[in-house]
Amino acid sequence: MIELRTPAEVEEMRPAGRFVASVLETTSRAAAVGVNLLELDAIAHEMIRTAGAESCYIDYHPSFGGSPFGKVICTSVNDAVLHGLPRDYTLRDGDLLTLDFAASVNGWVSDSALSMVVGTPRGGDLRLIDTTQRALAAGISAARPGNRIGDISRAIANVAKAEGYSINTDFGGHGVGRTMHGDPHIPNDGRPGRGLPLKPGLVIAIEPWFLETTDRIVTDADGWTLKSADGSRGAHSEHTIAVTEGEPIVLTARS
């Protein structure tokens, strides 16, 4: 079921967005050569405890997950792009790291992700990250009344295809509210003018993710981490936004 939020409810969602943004800012600053992925998860866990927030991940066990997730932040490295289960891995110079985090504050959820390079960057990684960021901005710009879900999807795809990246539509954006994942599904490619009409009060997560040389993914032996089928690297950018009568509100905007 798709629910539209009142302006007052959108205002109530702002603390969750600010908190999710703060966790991503803190963990991305902490991510450095020599830092273990479990240390990043511990930082996020402590921030949840201190804020009195609730994790959306720790008990999460959808049909595509091998078990309850058991951690509070996704950490995807290099050829991993989504749902990276934190493990005993120490970051190395040049690693491409994606952090994806969702939490509930006062009963409202926000969800956001960013990709970054630890240490010395490769040009291909920076181009990939930049493409996801520009695709996210294009998708957000298309999230206006009078448009449809397909207009968001096509805006994302246009950016990716201009850079030569192929697109997987198995996982994409989604509705956000009292729970982390709801309707509508927002694929990262689609037909303009098709799908659900966008109306004020619709709160969604828009999340372009691309792989360098493929659109095929495989599930790691941990039952969660999604990796490129050919070993190429991946990047992912995501914000939770609210559709309004005018400009979309980016609830998870970072400073």
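The values are calculated or read from the model by the stated rules, or taken from the named source; none is laboratory data. The structure displayed is predicted, hence computed values, not measured ones. For neighbour counting, all protein chains shown are included, and Cβ atoms are generated from backbone atoms with ideal geometry for every residue, glycine included. Ligands, DNA and RNA are excluded from the accessible area calculation, which covers all protein heavy atoms including side chains. Shrake-Rupley method; radii C 1.70, N 1.55, O 1.52, S 1.80 Å.
Just to be sure, is R191 out of contact with any Ser or Thr (no Cβ under 6 Å at 6 or more places or on another chain), assigned to a loop (DSSP other than H, G, I, E, B), in contact (Cβ under 8 Å) with a residue 12 or more places away in the chain and farther than 18 Å from S115 by Cα? Don't jump to the end; show me each part of the working.
Details: out of contact with any Ser or Thr (no Cβ under 6 Å at 6 or more places or on another chain): yes; assigned to a loop (DSSP other than H, G, I, E, B): yes; in contact (Cβ under 8 Å) with a residue 12 or more places away in the chain: yes; farther than 18 Å from S115 by Cα: yes.
Criteria met by R191.
Exactly one of (1) of a type outside the set (V, I, T); (2) within 21 Å of C56 (Cβ to Cβ); (3) open to solvent by less than 30 Å² (accessible area, probe 1.4 Å) is unmet by H181. Its number?
Failing condition for H181: (3).
Okay, residues lined up against (1) under 30 Å from P145 (Cβ atoms); (2) open to solvent by less than 10 Å² (accessible area, probe 1.4 Å); (3) in contact (Cβ under 8 Å) with a residue 24 or more places away in the chain:
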site: A8; (1), (2), (3): yes, no, no
site: T27; (1), (2), (3): no, yes, yes
site: I43; (1), (2), (3): no, no, no
site: E46; (1), (2), (3): no, no, no
site: E54; (1), (2), (3): no, no, yes
site: Y89; (1), (2), (3): no, no, yes
site: D100; (1), (2), (3): yes, no, yes
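Determine if the stretch 183-191 includes at least one residue that is touching a Pro at 6+ places or on another chain (Cβ under 6 Å) and within 28 Å of V105 (Cα to Cα).
Checking the stretch 183-191: at least one residue is touching a Pro at 6+ places or on another chain (Cβ under 6 Å) and within 28 Å of V105 (Cα to Cα).
Look through the stretch 230-255, keep the residues that are part of a loop (DSSP other than H, G, I, E, B), open to solvent by less than 40 Å² (accessible area, probe 1.4 Å) and touching a strand residue (DSSP E or B) at 6+ places or on another chain (Cβ under 7 Å), and return whichever of them is nearest to P197 (Cα to Cα). Give the derivation first.
We begin by selecting, within the stretch 230-255, every residue part of a loop (DSSP other than H, G, I, E, B); these are 230-233, 237, 243-248, 251-255.
Filter again for open to solvent by less than 40 Å² (accessible area, probe 1.4 Å), leaving 232-233, 237, 243-244, 246, 248, 251-252.
From the residues that got through so far, the ones that are touching a strand residue (DSSP E or B) at 6+ places or on another chain (Cβ under 7 Å) too are 232-233, 237, 243, 248, 251-252.
On the way: S232: 36, R233: 34, S237: 24, V243: 11, P248: 15, L251: 21, T252: 23 Å.
This residue is V243.
Take the residues in the stretch 209-229 that are under 22 Å from G139 (Cα atoms) and of a type in the set (D, E); name whichever of them is surrounded by the most Cβ atoms within 10 Å (Cβ to Cβ).
If we take residues in the stretch 209-229 being under 22 Å from G139 (Cα atoms) and of a type in the set (D, E), then E212 is surrounded by the most Cβ atoms within 10 Å (Cβ to Cβ).
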